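Okay, structure first, notes after.
The values are calculated or read from the model by the stated rules, or taken from the named source; none is laboratory data. Computed from a predicted model, the values in this text were never measured in an experiment. Don't worry about glycine lacking a Cβ; one is built from the backbone with ideal geometry, like all the others, and counts go over all protein chains shown. With ligands, DNA and RNA removed, areas are computed over all heavy atoms of the protein, side chains included. Shrake-Rupley method; radii C 1.70, N 1.55, O 1.52, S 1.80 Å.
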Amino acid sequence: MTISKMATIDDIDINKAEGMKQTVAGLMDAVKVGDRKAAYSYDTYLRAYLDLSGLTPEDIKVDDATKTITLNLPSVQTEFAGRDLEIREDHYRVSGLRAHIDPKERAEIKEKMNTVLKKEVEEKSEFRSRLEAEGRMKADTYFKALLGTDGYNVIVNFK
């Protein structure tokens, strides 16, 4: 699953400045001519998997009389599978006497996006629930195709 996150860089608002350094930077920005706005995004990846290492013979039941195979699989797990190395620049406008957005600022915004995104994934179950449901569906299809030969009916359950 690909999850995208977007963030913007803008001048520091004096009213939202924290500490002396940001207040001074906000005052300097207020008197400069021009605009300074940018929007960046990047993707993070989640994947679903089954850990079959704990599968036991009791988890697989074959009934030759009814031609039925019952497979009890472990629950679908999810994990972060990496993220884009670079962020995408979706919008960039620096005019007048404004300073260009430097690599340090882009790196900082990427780390902030990553922190917020991971927090959202942990707090909101929709991401993982959707991925787990898709993982169960794919596992069901896979094992039915793999074991459903010779007229066997395959029942796939998840613990």
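Evaluated at 4 °C with a viscosity of 1.567 mPa s, what Stokes-Einstein diffusion coefficient in µm²/s does the range 29-115 have when Rh comes from the Kirkwood expression over alpha-carbon pairs? Could you put the intermediate results ahead of the total?
Details: Rh = 18.0 Å.
The estimated diffusion coefficient comes to 72 µm²/s.
Most mobile of A39, A25, A133 per a Gaussian network model of the chain (Cα springs, under 10 Å)?
Its mean-square fluctuation being the largest, the pick is A25.
Past 22 Å, Cα to Cα, is the threshold; run K5/K104; K5/K159; K119/K159; K32/K112; K104/K124 against it and keep the listed order. Display every interim value, and only then the final one.
Numbers: K5/K104 19 Å; K5/K159 33 Å; K119/K159 27 Å; K32/K112 27 Å; K104/K124 30 Å.
Pairs exceeding the cut-off: K5/K159; K119/K159; K32/K112; K104/K124.
State the Cα centre-to-centre distance between the range 15-92 and the range 104-133 in whole Å.
Their Cα centres are 5 Å away from one another.
So, in nm, how far is label S75 from label R93 when the simple model puts each one 7 Å beyond its Cα toward the Cβ?
In this crude label model, S75 to R93 measures out at 4.8 nm.
Would you mind computing, in nm to one decimal, how far apart the modelled labels at D84 and K144 are, each placed 7 Å from Cα along Cα→Cβ?
The two pseudo-label positions are separated by 3.6 nm.
If one takes the longest principal axis of the Cα atoms in the chain, at what angle in degrees, from 0 to 90 and to the nearest 10, does the Cα axis of helix 19-31 lie?
Its long axis makes an angle of about 60 degrees.
Select from T70, T149, T44 the residue whose mean-square fluctuation is largest in a Gaussian network model of the chain (Cα-Cα springs shorter than 10 Å).
Looking only at T70, T149, T44, the biggest GNM fluctuation is shown by T149.
With axes computed from alpha carbons, what is the tilt in degrees of helix 103-123 against the longest principal axis of the chain, rounded to the nearest 10 within 0 to 90?
On a 0 to 90 degree scale, this one is about 40.
With the full set of protein chains in place, find how many percent of the accessible area of the chain is carbon and sulfur; take the probe as 1.4 Å. Display every interim value, and only then the final one.
Working: 5680 of 10520 Å².
The nonpolar share, carbon plus sulfur, comes to 54 percent.
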